[in-house]
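First up is the structure itself, then whatever we jot down about it.
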């Protein structure tokens, strides 16, 4: 049998941003009809590499070869011309436009002066059928599901004649069902002769769909393996560079009285629909309740409602005997709620403030920090010093804006501040997003320590692994409702995955 | 010396300086093209500023409203908002001070103080309206400011014509002497330059602005909202009331501009077809001064001197004073687009390198 | 009926300048660039139209002069739209401040040039060959409608054509699709191969020239000259019309008509006895007050293109 031809080859790619080396001497080959996984942790340099392939960045050193010819990949247009398409992690879709308008953008067919939408949508419909994508060309993006939007992105690359499709973290925002469908679509594309690169850090998907896997760590290629000859453990070890523990050490929980009780909670999302639709649950002192679910099923609205940042339409929130429904964030905080927000740059920190200024963000108005409207700078500094010392926060100096700190150290500062408020309930939303392995372990340990101190902890995460490792009890959110409640030792990924897709516990679907 | 070097290396220091130099140079080029003598023009400008004690006093008088306008814009800027409505707040401040000064009888000193307070209050309320429209109805502050500027102007015309018209002129009646805040002996010392208590109040406001921003709880909240509104909300700050408070203070400072002009300089209010433009100058002052107290002080000194000196320029070198307005707009352009300066410097460096090698 | 017809006729006279300016605003803002410099573009347009027409008629070009004036306005204003493009696209300056610079610079430099060209005069010489109202044959003879709609300055009819053209381009052509995409999600447009900053620059230049026609209209119909007060605030009213019209050319057209109506009302009402007790300033204030009230209570929250005011930096995709 003839060896399938190599359609894309990278030779010795190095990319530096100033002092920072994002990619170092990376070589990589993609064959026709192959699904090639690019595995690595957050910040390992996968996305940078693919942005180079797609012409968004220029490599500092090295060369790119397409179909055996060296090419200068200077713009996305060049990449498109060479038959390379990219589906970005954050979709590049114009919300108020239709599917057709999004797909043809940049290479619109014309009839006379007008955009020829008719012929465009029939071509799109035909492509959609050929690859089993089931996309409605006349639907508006803002009205279709995330999974459908992703298929629009794939269709966009196919419409442009892509033979090589790069998918950047394609499953991060999908339900397990949608993931299954996506993997099937990928196989179908490969069988039709398309070559696919999938960037991911999820081993399960690689095992299921990829032919080859190249592992990148700290900007370097560690190894390239044939997937069917490998194992998840081998891949994981190569990814993080040491033996991984799949379990976090923790003692059994000893839950006491309920400390946070939510009853029939209803909250509207930004679009006016009920994003949280009749939720009831309890968190007891001394336990970690994990909220599992795919992003966009009401988690953000639930947290905002609990912390006073979003209006509650109906229902009760009882925080250790105090009703905190529609109270301001400050009153909720004073009643004993701390909150590690999902987006630390948007909510958790003022990036242009210094470490002391951020350390007092929640408590600046208290008498120990402000007297008669005047702030006590020294008190803020000593508080910051305390956090820096006890949480081992690495900073260039107290007086620099926290913008200059790494993500892990920023998160440590937030956790120090929120724990120091001595809450009764700690809400942690995606507390390890974008952190490296060391920082993740640190965060998990702190959450468990808080639980051991008799606090109630509500952990919202889109990572099943995190929920399974850290939570004592799990509730599953789908479409703003709880579809199941279980314990980590009584369930598995498959069962949780089904619930996250809307299958109610105990059988009947939806 | 080393400290000075370090200071000069900071962008926030050299960008304004280079902007000023570029502005002045382009002004000179424009004058050359127009057939004027730029050296004569600039030297008569400087002569006008320092020509006599009177001129120095009047230059200072010109600087006072610019400092206030700069601070009014700067405080809103720091809160992430844009006060383009200082114009209207000045008008309302003038009107408030005029009404108290003209329509009410009070003993001296007290009369002035009451008039100042009312003027500031009028401006403050007019400013707060902008923030209220923004937080309650989502109305963009730029649009509401512009509308409120014109509405304020016509309200002042209507009020003056109805209650304080001076027959046969296009201005109001004078304020009572008891409400004047001019400092007679100092004015005499400066050969009649119109020096008033506002000079000293402005210094207090400058220092107060620094303390408010950097040392008070309200200043901390203001900066937090300006840098990151979402984080401020998360931290339990009431973003809406901070916006209203900030626009009230901003408007009150704007109101003081009009108040001082009426009580200390003109003693009446003119019925003019347009607002003064001082509020727009405030944007330039705040921008060049990077919204800091010291920066605002320095940049308003520069602009005030340029404006006053421009009269000398048209007198001494026959150059239209619009040239100075062009110079000032060019300075703002470069201060707002530091990228342009960096490009200039890069080109310059490359050139000098080539010449060396 | 005559009164109403006159009122409507007056409405279109005032509205024409606003239609051009607000279309200029729509073109620029739809691609995600704030256009606070409309006032400056109008000042520049009024100035250059007056100057061009003046020199054209001095050169004996007669009736063609005002048409050359329109052309001159569009070309000359490229200087100021170019400055706005340079600052907000190339140097990524704050777009609001860039607009203010345009306004300040346009005002000061045009007055400077008037003084320079006409020996210190505060206004340009009066132009003889200004536009005169056209009566569309037959249609203008229709009672009421004829006076209201079919007797107008040629610029008014041009403005109608522009509304259609801008609408057509914006919603029916590939160029419009790209412009709207760039204003909503520049990153999406970029990865689809659209040159974001080039398109924005082009829009600023075109929008500036269209807005300049608004200023030219004032100088060549109502004023017959250019002076310091020829343009006083219309650019900002046009900006309000852009917002009121929800960034849609047809919407902006409607808003411009509304503001034109408020202006015309002022002129019509003062003729009457009952109005003599009301200070004239109340009527001057009316357009601004109505604008504010409409924006506060009738329009509701409208946010415009998603990427409005954000410079596009390809490095941060």
Has the range B:129-143 got any residue that is more than 14 Å from every other protein chain (Cβ to nearest Cβ) and closer than 29 Å to residue B:83 by Cα?
no
Restricting the range C:223-249 to residues that are more than 14 Å from the chain's Cα centre (by Cα) and either within 11 Å of another protein chain (Cβ to nearest Cβ) or part of a helix (DSSP H, G or I) (or both), the one nearest to residue C:12 (Cα to Cα) turns out to be C:223
Among the listed residues A:12, A:55, identify the single one that is at positive phi and either touching a strand residue (DSSP E or B) at 6+ places or on another chain (Cβ under 6 Å) or exposed (fewer than 15 other Cβ atoms within 10 Å of the Cβ) (or both).
A:12
Any residue in the range B:19-31 that is surrounded by fewer than 23 Cβ atoms within 10 Å (Cβ to Cβ), within 14 Å of another protein chain (Cβ to nearest Cβ) and free of Cβ contacts under 8 Å to residues at least 12 places away in the same chain?
yes
Determine whether residue A:140 is more than 23 Å from the chain's Cα centre (by Cα) and under 22 Å from residue A:181 (Cβ atoms).
yes
Within the range C:288-303, track down each residue that is at pLDDT 80 or above and touching a helix residue (DSSP H, G or I) at 6+ places or on another chain (Cβ under 8 Å).
C:288, C:289, C:290, C:291, C:292, C:294, C:295, C:296, C:297
Output yes when any residue across the range A:404-416 is within 29 Å of residue A:334 (Cβ to Cβ), touching a strand residue (DSSP E or B) at 6+ places or on another chain (Cβ under 7 Å) and at pLDDT 90 or above, and no when none is.
yes
Strands (runs of 3 or more DSSP E) wholly in the range A:14-69 with at least 3 residues that are at pLDDT below 90 - which ones?
A:20-31
Would you be able to say whether some residue in the range B:72-79 is surrounded by fewer than 24 Cβ atoms within 10 Å (Cβ to Cβ) and closer than 30 Å to residue C:309 by Cα?
yes
Among (1) under 22 Å from residue C:87 (Cβ atoms); (2) free of Cβ contacts under 8 Å to residues at least 24 places away in the same chain, which single condition is residue C:206 missing?
(2)
Give the residues of the range A:105-127 that are in contact with a strand residue (DSSP E or B) (Cβ under 9 Å, 6 or more places away or on another chain) and at the interface with chain C (Cβ under 8 Å from one of its Cβ atoms), sorted by residue number.
A:108
Look at residue C:253 and say whether it is crowded, with 21+ Cβ neighbours inside 10 Å, modelled with pLDDT of 80 or more and farther than 23 Å from residue C:167 by Cβ.
no
Only one of A:447, A:398, A:459 that is touching a strand residue (DSSP E or B) at 6+ places or on another chain (Cβ under 7 Å) and surrounded by fewer than 17 Cβ atoms within 10 Å (Cβ to Cβ):
A:398
Checklist (1) within 20 Å of the chain's Cα centre (by Cα); (2) away from every other protein chain (no Cβ under 14 Å) applied to residue B:150, failing item
(2)
Filtered residue count, the range C:177-200, keeping only those that are without any contact (Cβ under 8 Å) to a residue 40 or more places away in the chain and either buried (at least 21 other Cβ atoms within 10 Å of the Cβ) or not in a helix (DSSP H, G or I) (or both)
9
Looking at residue A:365 and the list (1) part of a loop (DSSP other than H, G, I, E, B); (2) more than 14 Å from every other protein chain (Cβ to nearest Cβ), which single condition is not satisfied?
(2)
So in the range A:320-336, with the set limited to residues that are within 11 Å of another protein chain (Cβ to nearest Cβ) and within 21 Å of residue A:450 (Cα to Cα), which one is surrounded by the fewest Cβ atoms within 10 Å (Cβ to Cβ)?
A:334
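For every residue, the table says whether it meets (1) touching a residue at least 60 places away in the same chain (Cβ under 8 Å); (2) within 14 Å of chain C (Cβ to nearest Cβ); (3) buried (at least 24 other Cβ atoms within 10 Å of the Cβ).
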| site | (1), (2), (3) |
| --- | --- |
| B:290 | yes, yes, no |
| B:296 | yes, no, yes |
| B:302 | yes, no, no |
| B:308 | yes, no, no |
| B:313 | yes, yes, yes |
| B:321 | no, yes, no |
| B:328 | yes, yes, yes |
| B:335 | yes, yes, yes |
Which residue is nearest to the other protein chains (Cβ to nearest Cβ), if the candidates are limited to the range B:200-238 and must be buried (at least 21 other Cβ atoms within 10 Å of the Cβ) and part of a loop (DSSP other than H, G, I, E, B)?
B:236
Restricting to the range B:57-108, count the residues that are assigned to a loop (DSSP other than H, G, I, E, B) and touching a residue at least 12 places away in the same chain (Cβ under 8 Å).
11
Check whether at least one residue in the range A:285-305 is in a loop (DSSP other than H, G, I, E, B) and facing another protein chain (nearest Cβ under 9 Å), and report yes or no.
no
Do we find that residue B:135 is in a helix (DSSP H, G or I), surrounded by fewer than 20 Cβ atoms within 10 Å (Cβ to Cβ) and touching a residue at least 60 places away in the same chain (Cβ under 8 Å) in this structure?
yes
Any residue in the range A:187-202 that is at pLDDT below 90, in contact with a strand residue (DSSP E or B) (Cβ under 8 Å, 6 or more places away or on another chain), buried (at least 20 other Cβ atoms within 10 Å of the Cβ) and at positive phi?
no
Is the range B:192-199 home to any residue that is assigned to a helix (DSSP H, G or I), away from chain A (no Cβ under 12 Å) and in contact (Cβ under 8 Å) with a residue 24 or more places away in the chain?
yes
Hey, can you tell me all the residues within the range A:114-133 that are within 18 Å of residue C:174 (Cβ to Cβ) and surrounded by fewer than 19 Cβ atoms within 10 Å (Cβ to Cβ)?
A:114, A:116, A:118, A:119, A:122, A:123
Kindly indicate which of C:218, C:165 is modelled with pLDDT of 95 or more and either surrounded by fewer than 24 Cβ atoms within 10 Å (Cβ to Cβ) or within 30 Å of residue C:108 (Cα to Cα) (or both).
C:165
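The values are calculated or read from the model by the stated rules, or taken from the named source; none is laboratory data. In this text the structure is predicted, and so the values were computed from the model without any measurement. Heads up, the Cβs are rebuilt from the backbone with ideal geometry, glycines too, and the neighbour counts pull from every protein chain shown.
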